[in-house]
Amino acid sequence: MSGSGDFLAALDTLESMLSECATFQTEAGAVDASAAKGFIFWPGQKPYTEVATKGRKRKQVWPNVWALLMLGQGAGLDLSAGPGGGCIFPVVPLQFFLQRSTPAAEAEDPKLETRNFLKWVGLVLRELAILGNSEGNLFISQLTIDNPRKNDEAELYHYMEITVSVERMNGGGA
């Protein structure tokens, strides 16, 4: 965890880094990092839009690919320096959630769908790791994935999702 920066700076930096990942940009159909930020959501934001259908019903329209930034469990302040110690450090464990719609060619083959999803996630994480060791970014020491999941088959469209935890070296980055 970083001893510098704060919660907002850490989320801002993670958003910028993720938007710079060419693999994420390509899958989102974004022309650049600025456009890719339109597919990265913050806590409390809805990653879908609602459109009216017949009657009073509303339909949720989801992007093909999107990410949700999160503060991980344990975010807070490190008070170990004690009263009068002069140093109170934010502890900012970060996570993000990735979701990718399944291309039609993969929808009937769960193994192929999972393989291609994990390949895509791996490419995004590799790019994020490279960015994470450059000036002005979070100094990433480890990226950990948690339980890749497929949507409930009762839903109208196919997708896969995963949660990624970002471990940062002490004193690095925002």
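The values are calculated or read from the model by the stated rules, or taken from the named source; none is laboratory data. Keep in mind it's a predicted model, so treat the numbers as computed, not measured. Cβ coordinates were reconstructed from backbone atoms using ideal geometry, including for glycine residues, and neighbour counts include every protein chain displayed.
Go through region 141-153 and give me each residue that's farther than 19 Å from Pro63 by Cα and either over 14 Å from the mean Cα position of the chain (by Cα) or in contact (Cβ under 8 Å) with a residue 40 or more places away in the chain (or both).
If the condition is that a residue be farther than 19 Å from Pro63 by Cα and either over 14 Å from the mean Cα position of the chain (by Cα) or in contact (Cβ under 8 Å) with a residue 40 or more places away in the chain (or both), then Ser141, Gln142, Asn147 are the ones that fit.
What's the number of the only condition in (1) in contact with a strand residue (DSSP E or B) (Cβ under 7 Å, 6 or more places away or on another chain); (2) under 17 Å from Thr114 (Cα atoms) that Gln142 fails to meet?
For Gln142, the exception is condition (2).
Out of all the residues in region 55-69, which are outside any strand (DSSP E or B) and modelled with pLDDT under 80?
Correct list: Gly55, Arg56, Lys57.
What pairs come out if I take residues in region 53-73 that are over 26 Å from Ala22 (Cβ atoms) and without any contact (Cβ under 8 Å) to a residue 24 or more places away in the chain and pair them with residues that are among the basic types (Lys, Arg) and surrounded by fewer than 19 Cβ atoms within 10 Å (Cβ to Cβ) whose C-beta lies under 8 Å away, six or more apart or interchain?
Going by the 8 Å Cβ cut-off, the qualifying pairs are Thr53/Lys59.
Return yes when Lys46 is in a helix (DSSP H, G or I) and either among the basic types (Lys, Arg) or more than 16 Å from the chain's Cα centre (by Cα) (or both) and no when it is not.
No; evaluated as a whole, the condition is false for this residue.
How about region 3-62: which of its residues are among the aliphatic types (A, V, I, L, M), within 25 Å of Gly122 (Cβ to Cβ) and exposed (fewer than 15 other Cβ atoms within 10 Å of the Cβ)?
Ala22, Val31, Ala35
Considering region 19-50 alone, what residues qualify as being of a type in the set (A, V, I, L, M, F, W, C), in contact (Cβ under 8 Å) with a residue 24 or more places away in the chain and in contact with a helix residue (DSSP H, G or I) (Cβ under 6 Å, 6 or more places away or on another chain)?
Correct list: Cys21, Phe24, Ala28, Phe39, Ile40.
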